[in-house]
1. Any chance you could count how many residues in region 17-76 are out of contact with any Lys or Arg (no Cβ under 7 Å at 6 or more places or on another chain), outside any helix (DSSP H, G or I) and of a type in the set (Ser, Thr, Tyr)?
2. Looking at region 169-185 only, could you name the residues that are of a type in the set (A, V, I, L, M) and assigned to a loop (DSSP other than H, G, I, E, B)?
3. Checking Ser93 against (1) part of a loop (DSSP other than H, G, I, E, B); (2) surrounded by 11 or more Cβ atoms within 10 Å (Cβ to Cβ); (3) touching a strand residue (DSSP E or B) at 6+ places or on another chain (Cβ under 9 Å), which test does it fail?
4. In region 51-58, is there at least one residue being in contact with a strand residue (DSSP E or B) (Cβ under 7 Å, 6 or more places away or on another chain), among the β-branched types (Val, Ile, Thr), in contact (Cβ under 8 Å) with a residue 24 or more places away in the chain and surrounded by 14 or more Cβ atoms within 10 Å (Cβ to Cβ)?
5. So, in region 96-122, of the ones that are part of a loop (DSSP other than H, G, I, E, B) and among the aliphatic types (A, V, I, L, M), which residue ends up nearest to the chain's Cα centre (by Cα)?
6. Condition check: within 27 Å of Glu111 (Cα to Cα), of a type outside the set (Val, Ile, Thr) and either within 12 Å of the chain's Cα centre (by Cα) or not in a loop (DSSP other than H, G, I, E, B) (or both). Does Ala216 satisfy that?
7. Go through region 1-16 and give me each residue that's not aliphatic (A, V, I, L, M) and not in a helix (DSSP H, G or I).
Amino acid sequence: MQEERRTYTALVSLGDLTYDNDFLKSASKIIGIQAVYPVVEIPVTLKIEDYTETTAFYGIDLSAFVQSPDEDSLGTVPLLLLGKNSLSNMKDSNGHQISQNQQQKYLQMGEELSITYSLDTGIASDSLTATASYTTVSSATGSATSNMANASGNNPSSVAASTWLPCHAAAVLENQDTEIYIPFSHAQALCQSSGMNQSITSVLLKINGKENLENARQLFQ
């Protein structure tokens, strides 16, 4: 019974679905749904000391994890909300997988962790312009709040693969696995500064009840 009262989150791919008003109306009818957060995926390579990892930043409205976040005070350096296993695929320069102990050591360092990233320029488009809809929907009110943000540009990314830029480990999310989230505003800035054209290809579902969560997952398969 406790599992049916608990609130769960799940990051799911939209696949062939389009994130629009019709999608939000359908999503609001999912049993147990509390909120749907659009997610912008930005491929990156992370570097910590001699370790690197090919992964992705998931740009999201911080209210998915933090109450009343003030995005205007976040600065310009990407803030990372790290899943508990988000560094598990790191390898050193000799190709050796990071140990569980080393991963935990890094995660426990928190804001003292020296971490950098490099944008994966392979997905940048030189012709398409995407519009990211920054929208959350609540089944409790049946309403959606939306802000439209253009992530556009018609030049390939100017960030070289060897360019390492700073980012900050802001928190570890124990209820997330390998995902690395950043504020939606930081994702927008990365898209605009690099010339990447990113659309919303995933959503984070917040749902009451484990069975409701599993049923919702099946809708996106």
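The values are calculated or read from the model by the stated rules, or taken from the named source; none is laboratory data. Since this is a predicted model, take the numbers as computed values, not measurements. Here Cβ is always computed from backbone atoms with ideal geometry, including for glycine, and neighbour counts include all displayed protein chains.
1. Counting residues in region 17-76 that are out of contact with any Lys or Arg (no Cβ under 7 Å at 6 or more places or on another chain), outside any helix (DSSP H, G or I) and of a type in the set (Ser, Thr, Tyr) gives 10.
2. First, the residues of region 169-185 that are of a type in the set (A, V, I, L, M): 169-173, 180, 182.
Within region 169-185, none qualify.
3. Unmet for Ser93, out of (1) part of a loop (DSSP other than H, G, I, E, B); (2) surrounded by 11 or more Cβ atoms within 10 Å (Cβ to Cβ); (3) touching a strand residue (DSSP E or B) at 6+ places or on another chain (Cβ under 9 Å): (2).
4. Narrowing region 51-58 to residues in contact with a strand residue (DSSP E or B) (Cβ under 7 Å, 6 or more places away or on another chain): 51-58.
Filter once more, so that each one left must be among the β-branched types (Val, Ile, Thr): 52, 54-55.
If we keep only those that are in contact (Cβ under 8 Å) with a residue 24 or more places away in the chain too, we end up with 52, 54-55.
From what's left, surrounded by 14 or more Cβ atoms within 10 Å (Cβ to Cβ): 52, 55.
Yes, some residue in region 51-58 is in contact with a strand residue (DSSP E or B) (Cβ under 7 Å, 6 or more places away or on another chain), among the β-branched types (Val, Ile, Thr), in contact (Cβ under 8 Å) with a residue 24 or more places away in the chain and surrounded by 14 or more Cβ atoms within 10 Å (Cβ to Cβ).
5. Once the filter is applied, the top-ranked residue is Leu113.
6. On the way: within 27 Å of Glu111 (Cα to Cα): no; of a type outside the set (Val, Ile, Thr): yes; either within 12 Å of the chain's Cα centre (by Cα) or not in a loop (DSSP other than H, G, I, E, B) (or both): yes.
Spelling it out, it is not the case that Ala216 is within 27 Å of Glu111 (Cα to Cα), of a type outside the set (Val, Ile, Thr) and either within 12 Å of the chain's Cα centre (by Cα) or not in a loop (DSSP other than H, G, I, E, B) (or both).
7. Taking region 1-16 as the starting set, the residues that turn out to be not aliphatic (A, V, I, L, M) are 2-9, 13, 15-16.
Matches in region 1-16: Arg6, Thr7, Tyr8, Thr9, Ser13, Gly15, Asp16.
To keep it simple, each residue is scored yes or no on (1) more than 14 Å from Ile60 (Cβ to Cβ); (2) at pLDDT below 70; (3) assigned to a helix (DSSP H, G or I); (4) not charged (D, E, K, R).
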site: Tyr134; (1), (2), (3), (4): no, yes, no, yes
site: Ala140; (1), (2), (3), (4): yes, yes, no, yes
site: Ala149; (1), (2), (3), (4): no, yes, no, yes
site: Ala160; (1), (2), (3), (4): yes, yes, no, yes
site: Ala187; (1), (2), (3), (4): no, no, yes, yes
site: Val203; (1), (2), (3), (4): no, no, no, yes
